[in-house]
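Right, one structure below, let's go through it.
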Amino acid sequence: MIHSFRQRLLVAGFALATSIGAPRATAQPAPGDYVVPASVTGGAALLTVTPNGVITTMTTFGFRISAATMAPNNRDVAVLGSSGSAAFIAEVSPGGAVATVGTLPVSFSENLAVDQDGSYLVPLIGLSSIMIGKMDATGAVTTIMPAPSIGNGKPRGMAVDIGTGSYLVGEIPNLFSVRRDGTSSLVVGSVAINNSIDMISDARTGEAIVSQQNSLVSVNLTLGTMTTIVGGFNGCFPGLAYDRTRDAFVMGGSCATANANLIRVDRSGNATTLTAIPFPLDVEVYGSRNVVAAADPTPGTTLALRFSEPGSAGANYVAAASFSHTPGFALPIGTVDLTPDTLFLLSQNVPALFPGFVGTLGANGTAAAGVVIPNGPLQGLRFYVSFVTFTGAGLQAVANTAGFTVQ
């Protein structure tokens with residue numbers, strides 16, 4: 001089954017070739033750049049940083065930013081902003097134009113994630129505990145009140161668990177899991193010593209990667225155990241992102257530190273300091289939201305998907321689906337975080353059920369695809385989707401894997 005996937009990419013004689021672009025002189029981000037919101041006098045700036053550490057200013061704002069992530073269209077950068085007592089989510093175009101999506105019911109929040117239906121997720125302080133705010137594309141907000149309630153302090157990191165689709169919420173000093181029905185449980189205590197944390201859900205291992213006071217750790221969500229990837233830093237890191245091109249984690253942030261470092265850490269714990277940034281608040285990798293949907297998958301419907309690889313406009317692609325994201329399988333340009341199971345085989349051989357899983361990315365690097373969800377008692381079934389791009393010069397990129405749970 002793996003061979004058939006590779007065969008569709010390689011049998012035509014595609015030579016393998018990859019390259020890293022030179023630093024650019026423009027302020028607009030390129031795919032793979034790091035996007036960093038930073039505090040400046042009178043508001044905030046959205047900076048772009050090349051993987052080599054070259055900084056340019058994308059745009060500035062007259063309001064505070066506490067978090068950033070790629071918007072569902074994988075072109076704009078979504079930011080979590082505040083002005084006075086008001087908090088809101090806005091989307092920033094590569095040229096710096098700002099459009100407000102909607103306002104939030106509570107002003108204090110420090111992280112921003114995207115759900116499987118393309119909605120934004122924000123951990124918020126409720127009346128007595130942390131709640132989860134969910135904002136759709138129209139700006140409408142619903143809230144999830146975890147039961148039992150979670151949180152005795154400020155909400156910090158948040159991510160969607162790649163393995164289960166549950167919401168992971170970091171609250172000093174604990175890490176909680178909140179299922180979609182609102183039921184919650186403690187995963188592990190004392191994740192953060194006393195300062196800001198951010199987190200991502202790692203498709204390669206299924207664990208939560210957490211940046212905390214002085215270190216980067218990995219949390220086994222099943223066992224509730226924590227392993228230090230690298231420690232010994234001086235400071236805390238409320239910004240964390242995954243750089244799939246280098247299979248590494250990028251940390252950035254500031255806790256009352258005028259110049260905090262942007263640091264890249266590989267899976268072996270080797271850390272590289274890229275640059276110092278005045279008052280950085282978060283970090284994201286531009287172009288990293290590769291597979292998105294605008295609705296939940298439900299029985300008897302076709303889940304509409306959008307594939308996006310901004311650096312591969314005009315390239316060919318092959319997608320696949322699987323019931324599991326691990327163990328993946330390696331290609332010469334990276335690991336595909338899918339398992340070659342029955343669903344994988346169907347996605348390669350039954351195009352009527354997986355429309356658009358083979359094709360060419362448009363001029364903007366996007367393509368439409370879908371997954372036909374049969375009628376039946378499929379609620380709770382979880383599956384994963386990824387794709388690979390290639391041209392006549394060879395393989396180009398392996399997309400980040402996205403997970404979906406049938407509702």
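Test of understanding: among 5, 61, which residue is buried (at least 19 other Cβ atoms within 10 Å of the Cβ) and modelled with pLDDT under 90?
Numbers: 61 fails: modelled with pLDDT under 90.
Only one candidate passes the filter, namely 5.
Exactly one of these conditions fails for residue 266: (1) at pLDDT 95 or above; (2) in contact with a Lys or Arg (Cβ under 8 Å, 6 or more places away or on another chain); (3) not assigned by TED's automatic domain parsing to the domain that holds residue 42. Give me its number.
Exception for residue 266: condition (3).
Could you tell me which of the residues 229, 150 is of a type in the set (A, V, I, L, M) and within 22 Å of the chain's Cα centre (by Cα)? Before the answer, list the steps.
Numbers: 150 fails: within 22 Å of the chain's Cα centre (by Cα).
Residue meeting the stated conditions: 229.
Can you pull out every residue in segment 275-291 that is buried (at least 21 other Cβ atoms within 10 Å of the Cβ) and not acidic (Asp, Glu)? If you could, list the steps in order and put the result at the bottom.
Step one: list which residues in segment 275-291 are buried (at least 21 other Cβ atoms within 10 Å of the Cβ), which gives 277, 280-291.
Correct list: 277, 280, 281, 283, 285, 286, 287, 288, 289, 290, 291.
Please find, among 371, 350, 388, 336, the residue that is farther than 29 Å from residue 179 by Cα and in contact with a Phe, Trp or Tyr (Cβ under 8 Å, 6 or more places away or on another chain). Before the answer, list the steps.
Details: 371 fails: farther than 29 Å from residue 179 by Cα; 350 fails: in contact with a Phe, Trp or Tyr (Cβ under 8 Å, 6 or more places away or on another chain); 336 fails: farther than 29 Å from residue 179 by Cα.
388 is the lone residue from the list that is farther than 29 Å from residue 179 by Cα and in contact with a Phe, Trp or Tyr (Cβ under 8 Å, 6 or more places away or on another chain).
Please go through segment 283-328 and pick out each residue that is more than 22 Å from residue 395 (Cα to Cα), within 19 Å of the chain's Cα centre (by Cα) and of a type outside the set (A, V, I, L, M, F, W, C).
Of everything in segment 283-328, those that are more than 22 Å from residue 395 (Cα to Cα), within 19 Å of the chain's Cα centre (by Cα) and of a type outside the set (A, V, I, L, M, F, W, C) turn out to be 284, 296, 324.
Checking residue 209 against (1) more than 29 Å from residue 381 (Cα to Cα); (2) modelled with pLDDT of 95 or more; (3) of a type in the set (Val, Ile, Thr), which single condition isn't satisfied?
Result: residue 209 fails condition (1) only.
Are any residues in segment 137-171 assigned to a loop (DSSP other than H, G, I, E, B) and either crowded, with 17+ Cβ neighbours inside 10 Å or not assigned by TED's automatic domain parsing to the domain that holds residue 103 (or both), and if so, which ones? Step through it out loud before you land on a result.
From segment 137-171, those assigned to a loop (DSSP other than H, G, I, E, B) are 137-140, 145-146, 148-149, 151-154, 161-166; that's our starting set.
Result: 146, 151, 161, 162, 163, 164, 165, 166.
With respect to residue 318, is the statement that it is in contact with a Phe, Trp or Tyr (Cβ under 7 Å, 6 or more places away or on another chain), among the β-branched types (Val, Ile, Thr) and farther than 27 Å from residue 243 by Cβ true? If you could, list the steps in order and put the result at the bottom.
On the way: in contact with a Phe, Trp or Tyr (Cβ under 7 Å, 6 or more places away or on another chain): yes; among the β-branched types (Val, Ile, Thr): yes; farther than 27 Å from residue 243 by Cβ: no.
Criteria not met by residue 318.
Give me the residue from segment 63-119 that is assigned to a loop (DSSP other than H, G, I, E, B) and among the aromatic types (Phe, Trp, Tyr) and, out of that set, nearest to residue 42 (Cα to Cα). Lay out the reasoning, then the answer.
Step one: of segment 63-119, the residues assigned to a loop (DSSP other than H, G, I, E, B) are 63, 71-76, 84-85, 93-97, 105-112, 115-119.
Going one step further and asking which of them are among the aromatic types (Phe, Trp, Tyr), we end up with 63, 108.
Details: 63: 7, 108: 19 Å.
Going through the qualifying residues, I end up with 63.
Considering only residues that are out of contact with any strand residue (DSSP E or B) (no Cβ under 6 Å at 6 or more places or on another chain) and of a type in the set (Gly, Ala, Ser), look in segment 87-99 and name the one that is surrounded by the most Cβ atoms within 10 Å (Cβ to Cβ). Write out each step before concluding.
Just the residues of segment 87-99 that are out of contact with any strand residue (DSSP E or B) (no Cβ under 6 Å at 6 or more places or on another chain), to begin with: 93-95, 97.
Of the ones still in play, those that are also of a type in the set (Gly, Ala, Ser) are 93, 95, 97.
Details: 93: 16, 95: 9, 97: 10.
Per the stated criteria, the residue is 93.
The values are calculated or read from the model by the stated rules, or taken from the named source; none is laboratory data. Note that the structure is predicted; figures quoted are calculated from it, not measured. Note that each Cβ is placed from the backbone with ideal geometry, even for glycine, and that neighbours are counted across all protein chains shown.
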